[in-house]
Amino acid sequence: MMTSKITNLPPMNGFKTFEVVARHLNFRLAAEELGVTHGAVAQQIRGLEASLQVKLFNRLPRGLSLTEEGKTLTGPVSEAISILREATDKLKSDKSVINISLTPSLATKWLLPRLGILSEKYPEIDIQILATETLSDLTRDNVDIAIRQGRPPFGRHLQADPFLSITHVAVCSPPYKEKLDSALKSDSKEGIVFLSDAHNRWSDYLEMFYPDLKRGPKNTMSFNQTALAIDAAISHQGLALVAKALVAPELENGRLQLAFSEELESDDGYYLLTTKKQTSLKPVSMVRSWLLQQATP
């Protein structure tokens with residue numbers, strides 16, 4: 001009777017670390033995702049390379065690149081980890097887990113106020129929120145639903161639904177509106193502070209509606225996230241130009257008001273993305289339909 005020889009595999013943790021490093025091509029970013037030190041990540045990769053007796057990464061002055069052996073290993077390892085993750089998720093709980101990826105500003109200003117309603121409607125579904133500016137790979141990153149700003153076409157494997165149109169409005173707090181009106185009447189515009197987010201559409205807005213303000217000296221304050229610009233406006237720091245959908249509650253409750261009446265239409269919008277495979281799953285379909293209903297004016 002012939003017996004097959006079983007070759008010992010390297011520790012699973014080495015493969016998990018490899019998958020994360022291969023995505024980021026950076027030890028520091030991989031360490032942040034894994035919640036370990038830079039040295040621990042480097043040690044895991046060295047151990048895996050020693051066990052496999054191949055070099056998986058080229059160490060470059062800035063970051064890393066995959067060797068041919070590393071490229072060969074990337075696909076199978078990512079697929080194996082995805083299969084294991086799905087299997088263990090099924091064992092952990094009878095509840096369905098839906099992972100939603102969206103930008104931090106959309107998460108805090110639009111989704112967060114509605115999460116309680118979603119939980120009450122579907123108590124059998126656990127909602128996990130991934131608030132990140134990084135674009136998600138719905139297959140690789142174990143994301144069921146992503147909401148992103150952009151315009152079609154998207155990938156062929158994705159179901160893309162228009163979610164929220166983007167109309168930019170200039171807003172400020174009621175006390176700052178009084179200050180603004182006084183400044184405009186006296187032609188003393190130097191004291192007006194323009195709060196900018198990462199999209200920074202002020203130049204387009206002023207060029208279209210208020211060219212005199214664009215040509216004059218301007219005080220600006222910049223933020224990398226729209227939510228921060230909105231919070232600064234609420235705190236009487238200046239004027240923010242943001243998507244109207246993100247400030248609708250603040251406009252309704254009076255914490256913010258329109259600084260100017262003119263609105264700037266954007267040629268892109270928010271889209272709700274799912275893979276066609278995921279859309280066929282009942283829990284994903286239910287949450288997707290609920291989100292689309294909430295986004296309907």
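The values are calculated or read from the model by the stated rules, or taken from the named source; none is laboratory data. Model, not experiment: these values are computed from the prediction. Positions of Cβ are generated from backbone atoms using ideal geometry, with glycine treated the same way; all protein chains shown enter the neighbour counts. Side chains are part of the model used for accessible areas, which takes the heavy atoms of the whole protein and leaves out ligands, DNA and RNA. Shrake-Rupley method; radii C 1.70, N 1.55, O 1.52, S 1.80 Å.
Can you pull out the residues in segment 77-92 that are under 23 Å from ASN8 (Cβ atoms) and surrounded by 11 or more Cβ atoms within 10 Å (Cβ to Cβ)?
Answer for segment 77-92, where residues must be under 23 Å from ASN8 (Cβ atoms) and surrounded by 11 or more Cβ atoms within 10 Å (Cβ to Cβ): VAL77, SER78, GLU79, ALA80, ILE81, LEU84.
Given the options ALA248, ALA233, name the one that is open to solvent by less than 70 Å² (accessible area, probe 1.4 Å), in a helix (DSSP H, G or I), within 28 Å of ALA160 (Cβ to Cβ) and in contact with a helix residue (DSSP H, G or I) (Cβ under 9 Å, 6 or more places away or on another chain).
On the way: ALA233 fails: within 28 Å of ALA160 (Cβ to Cβ).
Step by step, each of ALA248, ALA233 is checked, and only ALA248 is open to solvent by less than 70 Å² (accessible area, probe 1.4 Å), in a helix (DSSP H, G or I), within 28 Å of ALA160 (Cβ to Cβ) and in contact with a helix residue (DSSP H, G or I) (Cβ under 9 Å, 6 or more places away or on another chain).
If I ask for residues that are assigned to a helix (DSSP H, G or I) and closer than 24 Å to GLN225 by Cβ, which ones from segment 151-203 would you list? Working first, answer last.
Initially, segment 151-203 is screened for residues assigned to a helix (DSSP H, G or I), giving 174-186, 189-191, 202-203.
The answer is PRO174, PRO175, TYR176, LYS177, LEU180, TRP202, SER203.
Of the conditions (1) part of a loop (DSSP other than H, G, I, E, B); (2) open to solvent by 100 Å² or more (accessible area, probe 1.4 Å); (3) of a type outside the set (Lys, Arg), VAL54 satisfies every one except a single condition; which number is it?
That leaves (2) as the condition not met.
Taking segment 14-51 as the region of interest, how many residues are acidic (Asp, Glu) and open to solvent by 40 Å² or more (accessible area, probe 1.4 Å)? Let's see the steps before the verdict.
Here is the first cut: in segment 14-51, the ones acidic (Asp, Glu) are 19, 32-33, 49.
Checking the rest, the ones that are also open to solvent by 40 Å² or more (accessible area, probe 1.4 Å) come to 32-33.
Looking only at that region, the number is 2.
Output the residue which, of all residues in segment 164-216 that are among the small types (Gly, Ala, Ser) and open to solvent by 20 Å² or more (accessible area, probe 1.4 Å), is nearest to PRO152 (Cα to Cα). Full working, then the answer.
If we filter segment 164-216 for residues that are among the small types (Gly, Ala, Ser), which is where we start, we get 165, 170, 173, 182-183, 186, 188, 191, 196, 198, 203, 216.
Narrowing further to those that are open to solvent by 20 Å² or more (accessible area, probe 1.4 Å): 165, 182, 186, 188, 191, 198, 203, 216.
Values: SER165: 13, SER182: 43, SER186: 46, SER188: 44, GLY191: 40, ALA198: 21, SER203: 25, GLY216: 37 Å.
Step by step, filter segment 164-216, then rank; the result is SER165.
Give the number of residues within segment 256-297 that are open to solvent by 10 Å² or more (accessible area, probe 1.4 Å), in contact with a Ser or Thr (Cβ under 7 Å, 6 or more places away or on another chain) and closer than 23 Å to ARG114 by Cα.
Selection size over segment 256-297: 4.
Only one of these is under 28 Å from ASP144 (Cβ atoms), in contact with a strand residue (DSSP E or B) (Cβ under 8 Å, 6 or more places away or on another chain) and among the polar types (S, T, N, Q): THR279, THR220. Name it.
THR279
Look through THR134, THR74, THR108 and report the one residue that is in a helix (DSSP H, G or I) and either surrounded by fewer than 16 Cβ atoms within 10 Å (Cβ to Cβ) or without any contact (Cβ under 8 Å) to a residue 60 or more places away in the chain (or both).
Values: THR134 fails: in a helix (DSSP H, G or I); THR108 fails: either surrounded by fewer than 16 Cβ atoms within 10 Å (Cβ to Cβ) or without any contact (Cβ under 8 Å) to a residue 60 or more places away in the chain (or both).
The conditions single out THR74.
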